Structure formats: structure tokens, C-alpha cells
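Enquirer: The structure follows.
The values are calculated or read from the model by the stated rules, or taken from the named source; none is laboratory data. These figures come from a predicted structure and were not determined experimentally. Because the Cβ atoms are built from the backbone with ideal geometry, glycine has one as well, and the counts that use them run over all protein chains shown. Side chains are part of the model used for accessible areas, which takes the heavy atoms of the whole protein and leaves out ligands, DNA and RNA. Shrake-Rupley method; radii C 1.70, N 1.55, O 1.52, S 1.80 Å.
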Amino acid sequence: MKKIFVLSFISVGYFLNAQNISNSPYATYGIGDVKYDNTIETTSMGGISTAFISDFTSNFNFANPANNANFDLTSIKLEATNENNYFKTDYNNTKSTKHSTYLSNISLAFPLSPKLKMGLSYQPYSSKSYEIVHTDELRDESGVLYANRFNRFRGSGTINTAQIALGYKVNDKLAVGARANYYFGNLYDLNELAQSDAELINGYETKNSIRNFNFTLGASYQNLNTSTDRKFTMGATTTFGNTSNMTTDYVNSTYFYADAAQTTKSNESVIERQSTSSKSLLPLQASIGVGYGEENNWFLSVQGDYKKGESIAYFGNTLDLQDSYRISAGGWYLPNYNNFRNYLSRIVYRYGAFYEKGSLKLAGQSINKFGISGGVLLPFKTSSITRMSGLEIGVELGKRGTLKNNLINQNYINLKVGFNFADKWFRKTLYN
């Protein structure tokens, strides 16, 4: 059984790399919709993770690898996400919906010693999957229509991340951790200008090829009052150190399509071709959080995240993204795990909310985001307070963007479902 799970970890990772994930039109800009760190546990609590040390021995924290002092089992997590986006703009009173279901996380974690814990994870970091067509009617001085002009934007591709994390417990209160992150994938953007009375299409294509490393360092401090079982937690992380380049190939050309599906170009004539390298794909990030709770009963945390602005090549030009920040609050509640007569009292209930000032600014408007979230951990029948395996369900409702200046308002409902299988694997039996 354990071998099957390990083989599944490898094969599912291959499938995850081949996924096509749909998302917002705002994914047109930069590296797309960033999805990383949105595990079920984190998402259900509004995004808090920096000062979150699980009370249970089966949950590994990748966001802050220092927060794994209590982790003591081998854990395999498989998670899937269903995204439902609803778009509206005042431009021509346009409305649209997009739906997508994809495998969003696979991880394996285990203790190397009572003080040293290790985790391996693989998940999408960001993605592009959009197609926008803008049509203009061209009329002569008499008002007679003589042609239609089409401006089409298309994008595709996914950046995935594979990582290895280590957490070390210095003493009963202090822990440190480190995570190495490898990002890889290709992103494509295409802007085409066509006219009904012209055979040729003018296309501007950008391909970003990403092979990038960076590193995350984390620390945490927790003080537990054993007389009241109340605990106070502080945590901090920083992500830095791009050690590889992003290669951007830009082509401006004219052509026409040889097939109805518009996938094969013919008679392509290149007007301009550029190739650049950049190390600014993944800028400096930092997070700090504080939390307070009662052992095995409840926990509440507040967290602030900061991401430095960056510049990225886009259709032959430089796109500047501004500094961004996010404020999150959330936690969990476990009524009474020892009440075996009432299953509802043994469920872990999660809740949270967040506000994010976005890095993207269009038409003088910052593309901000806010939302609320909730979720549950439904323990398996064989689970205990020290071996918390179960079915995880989370939901996030939010809003992004604005209707001002003919921009797009995005409402969304995201549903996440996954399993956490935890047991004492890979350990030698000391007696029969």
C-alpha cells in the first residue's frame, strides 16, 4: 500500500505538469494568476500560515518550514481545485463565466529526527489561459461599413514549482526552517490585429521560458502556558535569491492561417525579433504573523505579506508591476475531539478573510482583491488527536478588479477538496 502511494506521488506529479488551467483576463499581464501557497488548509483560513503551527502531528507547513515542531508522522496530501469565475465589464455591458478543475497540490513529508523535519511538494505556481477578442466597425465618411477590425489576445501556459523544505526545532520555543524552490514552465502571449478586407494578420508573440531557483528562510517562536493550555505564536519568512534567468523571445510578424482552427501559420514574414534575459521574475517577498490560541481547541492569527514590485517583458515592452501587500486573518476551531458520540464535535472548522493590494495597475486603478473563506477537516474513523488523517474541504469567495474605466470586475467561488494520509511510515520496528 505504501509503495502505491509513492508511485502515485510521481505519476500524479507528471499529470500536474500537463494541466491547462483557466483563469482571469488579468492573467494577460505579467506571469499570470499566481496560485502558489493556496493549499486547502491555508486557503480555508484566509491565507494565514506564517505564524500557524499545527497542534496535530500530521500537517506539514511548507509556507513557513519553521512551523513544523509538532510534525511527527509521514504525510501524503493530494488536493484538487475547482475554480468558478464570473466576469463583468461596463464596456458593451459584457458578461462572461469561466470554470476550471485541476490538481493543485501533491506533497510528501516525514520526520528525519525528533528535531529535523522534511517535506517535498509540487504544485502550479501561476498560469495563463485566456482569449479576448475586441471588434471595431470601420466606416467611411458616409457612414458605410467597409470592414471589421479584430484585435485578439490569447495566452496559455503554466509555471510549476517543485520544492524541498527542512524545519529544525532549536528548543521548546524556537524553530527555524529553509525551503529551496525550483520554478519551471513556459508562458505564451499573442496579440493579433486583423481586418476583414486584408488577408494578412499582424501578430505580436511573447514566449517566456522559466527555469528559476530561489530560497525561503523562516523562523517561529511559540510560548505555551501549560497551566492554561494557551499559546502565543510569532513567525516570519523571507523569499530571495533568484539564481537563474527567465528567457523572453519576442516576435513581431505578419502571416495568415492555413487551417480553420488557426493553429498553423503560413507565409510568415518577421518584422522584428528580440530575445532578452531577466532575473526579476520572482522578486523579494516577506511575511510576518502573530497568533494566539488554546491547545487542541482553537487558534486565531493575523498576517501581513509584502511583495516587491518587478518589471517583466511583455509584447516587446517592459511592464512595471508595483509593490503589493496582503492582510489576512483566520484560524480554526475544534469543539471536542474526545466526544466520540458526536462526530460533528470532532471536525476541525476553519475560517478566514483577506484583502490584497494588487501589483497590477491599469487605467489609473489598482487591481485589488479581497475575499472570505472557510473549510473543514473531516477525520477518518481511525484518526486520533495525534494522528489526524482525513478529508479536507475548503471554499473561498472573493472579488477582484473594478468596473471603473471600463475595467473588469471578477467574482469567484473556488472549491478545494483533498486528502491527508498520515501514518508512521518508513520507520524500523524495534520489537515484534
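Enquirer: Name the single residue, out of those in the range 150-200 being more than 27 Å from residue 125 (Cβ to Cβ) and in contact with a Ser or Thr (Cβ under 7 Å, 6 or more places away or on another chain), that is modelled with the lowest pLDDT.
Expert: Only one residue fits best here, namely 150.
Enquirer: Continuing with this model, one more query. List pairs: first residue in the range 328-350 and within 27 Å of residue 370 (Cα to Cα), second residue assigned to a loop (DSSP other than H, G, I, E, B) and open to solvent by 40 Å² or more (accessible area, probe 1.4 Å) anywhere in the structure, Cβ distance under 7 angstrom, at least six positions apart or on different chains.
Expert: 334/296
Enquirer: Return yes when residue 158 is in contact (Cβ under 8 Å) with a residue 12 or more places away in the chain and either open to solvent by 60 Å² or more (accessible area, probe 1.4 Å) or in contact with a Phe, Trp or Tyr (Cβ under 7 Å, 6 or more places away or on another chain) (or both) and no when it is not.
Expert: no
Enquirer: Could you list, in sequence order, the residues of the range 97-107 that are open to solvent by less than 60 Å² (accessible area, probe 1.4 Å) and either over 18 Å from the mean Cα position of the chain (by Cα) or over 21 Å from residue 392 (Cα atoms) (or both)?
Expert: Result: 98, single match.
Enquirer: Looking at (1) open to solvent by less than 30 Å² (accessible area, probe 1.4 Å); (2) more than 25 Å from residue 52 (Cα to Cα), find the lone condition where residue 328 falls short.
Expert: Exception for residue 328: condition (2).
Enquirer: Inside the range 84-93, can you point out the residues that are in contact with a strand residue (DSSP E or B) (Cβ under 7 Å, 6 or more places away or on another chain) and either open to solvent by 60 Å² or more (accessible area, probe 1.4 Å) or of a type in the set (A, V, I, L, M) (or both)?
Expert: Within the range 84-93, 86, 88 qualify.
For (1) open to solvent by less than 50 Å² (accessible area, probe 1.4 Å); (2) among the basic types (Lys, Arg); (3) more than 17 Å from the chain's Cα centre (by Cα), each residue gets a yes or a no:
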site: 380; (1), (2), (3): no, no, yes
site: 384; (1), (2), (3): yes, no, yes
site: 389; (1), (2), (3): yes, no, yes
site: 392; (1), (2), (3): yes, no, yes
site: 401; (1), (2), (3): yes, no, yes
site: 407; (1), (2), (3): yes, no, yes
site: 416; (1), (2), (3): yes, yes, no
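Enquirer: So in the range 39-58, with the set limited to residues that are touching a Ser or Thr at 6+ places or on another chain (Cβ under 7 Å), part of a loop (DSSP other than H, G, I, E, B) and polar (S, T, N, Q), which one is most open to solvent (accessible area, probe 1.4 Å)?
Expert: 57
Enquirer: Filter the strands (runs of 3 or more DSSP E) completely within the range 228-315 down to those with at least 2 residues that are of a type in the set (A, V, I, L, M, F, W, C) and in contact with a His (Cβ under 7 Å, 6 or more places away or on another chain). Explain how you work it out, then say what you get.
Expert: Numbers: elements: 230-240, 246-257, 265-278, 285-294, 298-307, 310-314.
So the answer is none; nothing clears 2.
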